[in-house]
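Okay, structure first, notes after.
The values are calculated or read from the model by the stated rules, or taken from the named source; none is laboratory data. Just so it is clear, the model here is predicted, and its values are computed rather than measured. Every residue, glycine among them, receives a Cβ derived from its backbone with ideal geometry; neighbour counts consider all protein chains shown.
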Amino acid sequence: MKRPEQCGCIKDIRDEIDRIDQEIVRCLGERARYVHEIVKYKTDRDSVVAKDRQVVMMGKRAEWAREHGLAPELIQTIYRTLIEHNIRKELEALAVQQAKH
């Protein structure tokens, strides 16, 4: 791992970006496993959508973005996409779960 200022050429920088992106994808995979598990504790569409949780989450992610010198709007867009995807997946899993009972 090199710090940005230690990179001596564009290849070094791209290699580090690739390494970071691989770690981001790994973390998203880990996050997805938790999302998959949480469906066990949800009982209906409202508990899946969890509007109050979304509001709190988005505010916290915006705060974290500012702390790291990032645009809160960018981070919120990324998380909005994640949340929409996860809601679809959770609703599918909930339907399967309810069909078994």
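Restricting the range 60-101 to residues that are in contact (Cβ under 8 Å) with a residue 24 or more places away in the chain and not hydrophobic (A, V, I, L, M, F, W, C), the residue that is farthest from ILE24 (Cα to Cα) is GLN97. Condition check for GLY59 on (1) farther than 17 Å from GLN98 by Cα; (2) modelled with pLDDT under 95; (3) not aliphatic (A, V, I, L, M): one failure, at (2). Residues that are of a type in the set (S, T, N, Q) and within 21 Å of GLU92 (Cβ to Cβ) within the range 19-73 comprise THR43, SER47, GLN54, listed in sequence order. With the structure loaded, tell me whether ILE38 is in contact with a helix residue (DSSP H, G or I) (Cβ under 9 Å, 6 or more places away or on another chain), at pLDDT below 95 and closer than 26 Å to ALA99 by Cβ or whether it fails that test. Answer is yes for this residue. In the range 18-32 there is at least one residue that is under 30 Å from HIS101 (Cα atoms) and touching a Lys or Arg at 6+ places or on another chain (Cβ under 9 Å). Selection of first residues in the range 40-59 that are in contact (Cβ under 8 Å) with a residue 40 or more places away in the chain and of second residues that are of a type in the set (A, V, I, L, M, F, W, C) and assigned to a helix (DSSP H, G or I), restricted to Cβ pairs under 7 Å at least 6 apart or on distinct chains, gives the following pairs, ordered by first then second residue: LYS42/VAL48; LYS42/LEU94; ARG45/LEU91; VAL48/ILE87; VAL48/LEU91; VAL48/LEU94. Only one of ASP52, ASP21 is more than 16 Å from the chain's Cα centre (by Cα) and loosely packed, with under 14 Cβ neighbours inside 10 Å; which? Residue meeting the stated conditions: ASP52. If you scan the range 86-101, which residues turn out to be more than 20 Å from the chain's Cα centre (by Cα) and over 11 Å from VAL39 (Cβ atoms)? Of everything in the range 86-101, those that are more than 20 Å from the chain's Cα centre (by Cα) and over 11 Å from VAL39 (Cβ atoms) turn out to be ALA99, LYS100, HIS101.
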